[in-house]
Every structure is written in C-alpha cells, then in structure tokens.
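Asker: Quick one: this structure, given as structure tokens, is what I'll be asking you about.
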Ligand code: FES
C-alpha cells in the first residue's frame, strides 16, 4: 500500500504561488474588460466634435474703422474691413483662383496673392493674374442693440465680372447694396 506522502514546505509555497498567479490573471482580465467598456463609454459621452469659430460675428462699431482697408481681423477672421466715402463693406480674404490668402499692399492699393500672382484692387476687382472672379464680400448688418457691425462670413456676394482692359470688373454701385454694404 502506497504511503500518503505529505507535501513538503517547498511544494506548498509553489502551489500557493501558482494559485496566486492564476487569480491575478483572472482579475487582470476582468479589469482590462471593464477598462475597455469605460473608455468606450467616455468616448460616447464626449463626442469627437471639432469646435470652429462661428461664421456670424461682431467686429465693433463703425467708428472703429477709418477710410481704407483695415487688416486687423485678417488673421483671426479672414476678412478685410473696407470703408469708402459712402460706407463699409467686408472682403473675404480668400483668393478666387485656388484659395490662397492674398496680402494687402497699402502703397500699391492692391491685394496680391503669393501663390500664382493674382492681383485685386480695393473693391475686390481682378487686376491681374489667373483669378477668374472678384473677391467675395460678406454679409454685413448693424446689431439693433449695441450698434456693432455683424459679419455673416458665409453669406457671399459673388457677381459676374465684366472683362475689361483693366481686368475683371464689377460696377461698384451694383455691389454697394444690402446686405453687403452698410451706408454710413
Ligand atoms: S491661389 Fe491666388 S493666384 Fe492662385
């Protein structure tokens, strides 16, 4: 008859160790699953939204703008605010050729696009280069409460220009109309 052999101290410690390892693996798996569910839930609760600035925004009082082209909002809002003797309009700073950003050169009274050389005058007419249309003008209005100018960036005036010896031009009186011009 086989004699019952008591496990040695060493065997007992080895068994304890293996049991512990097994338990850890189990709990680890559960923790990993719960972690996955948690991350999924958080992603659901915090949707992947890109917050863009509003396309309708205020730009201050009409008295903040003197005669000429004001470039202060170009970087932040991609518009130039232009004042002439009759009022204010807002040009969109996007080249009508392939969408680059032109620069304003006050000494030449021209916008010049660095990409392919389109040239625009202060009214947005094309005075040179490949641009096929004049610069857009954005919708403008005055806020009834605080009197600030409100720009509607996505409301665009886009008239058909006439080909002339000076370039692609639009009759200015046809552009100085509501809601693209503030008579002030
Ligand atoms: S994008 Fe302005 S000239 Fe081509």
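Asker: For the structure I just gave you, tell me whether residue 106 is farther than 25 Å from residue 174 by Cβ and away from the ligand (no atom under 16 Å from the Cβ). Step through it out loud before you land on a result.
Answerer: On the way: farther than 25 Å from residue 174 by Cβ: yes; away from the ligand (no atom under 16 Å from the Cβ): yes.
Criteria met by residue 106.
Asker: Same structure, new question: Which one of these does residue 146 not meet: (1) part of a strand (DSSP E or B); (2) closer than 21 Å to residue 53 by Cβ?
Answerer: Of the numbered conditions (1) part of a strand (DSSP E or B); (2) closer than 21 Å to residue 53 by Cβ, the odd one out for residue 146 is (1).
Asker: Check 101, 134 and return the single one that is over 20 Å from residue 75 (Cα atoms) and either at pLDDT 95 or above or within 10 Å of the ligand (Cβ to nearest atom) (or both).
Answerer: 134
Asker: Would you confirm whether any residue within the stretch 161-175 is part of a loop (DSSP other than H, G, I, E, B), within 15 Å of the ligand (Cβ to nearest atom) and loosely packed, with under 12 Cβ neighbours inside 10 Å? Spell out how you get there, then give the answer.
Answerer: Just the residues of the stretch 161-175 that are part of a loop (DSSP other than H, G, I, E, B), to begin with: 161, 165-166, 170-171.
Then drop every residue that is not within 15 Å of the ligand (Cβ to nearest atom), which leaves none.
So far as the stretch 161-175 goes, no, none of its residues is part of a loop (DSSP other than H, G, I, E, B), within 15 Å of the ligand (Cβ to nearest atom) and loosely packed, with under 12 Cβ neighbours inside 10 Å.
Asker: Moving on to the next point. Is it true that residue 130 is out of contact with any strand residue (DSSP E or B) (no Cβ under 6 Å at 6 or more places or on another chain), farther than 22 Å from residue 83 by Cα and in contact (Cβ under 8 Å) with a residue 24 or more places away in the chain? Steps first, answer last, please.
Answerer: On the way: out of contact with any strand residue (DSSP E or B) (no Cβ under 6 Å at 6 or more places or on another chain): yes; farther than 22 Å from residue 83 by Cα: yes; in contact (Cβ under 8 Å) with a residue 24 or more places away in the chain: yes.
Yes: the conditions hold for residue 130.
Let's see how each residue does on (1) assigned to a strand (DSSP E or B); (2) crowded, with 20+ Cβ neighbours inside 10 Å; (3) touching a residue at least 24 places away in the same chain (Cβ under 8 Å); (4) in contact with a strand residue (DSSP E or B) (Cβ under 9 Å, 6 or more places away or on another chain):
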{"site": "80", "(1), (2), (3), (4)": "yes, yes, yes, yes"}
{"site": "90", "(1), (2), (3), (4)": "yes, yes, yes, yes"}
{"site": "96", "(1), (2), (3), (4)": "no, yes, yes, yes"}
{"site": "100", "(1), (2), (3), (4)": "no, no, no, no"}
{"site": "111", "(1), (2), (3), (4)": "yes, yes, yes, yes"}
{"site": "116", "(1), (2), (3), (4)": "no, no, no, no"}
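The values are calculated or read from the model by the stated rules, or taken from the named source; none is laboratory data. On a predicted model such as this, the values are computed, not experimentally measured, just so you know. As a convention, Cβ positions derive from the backbone with ideal geometry for all residues, glycine included, and neighbour counts pool all protein chains shown.
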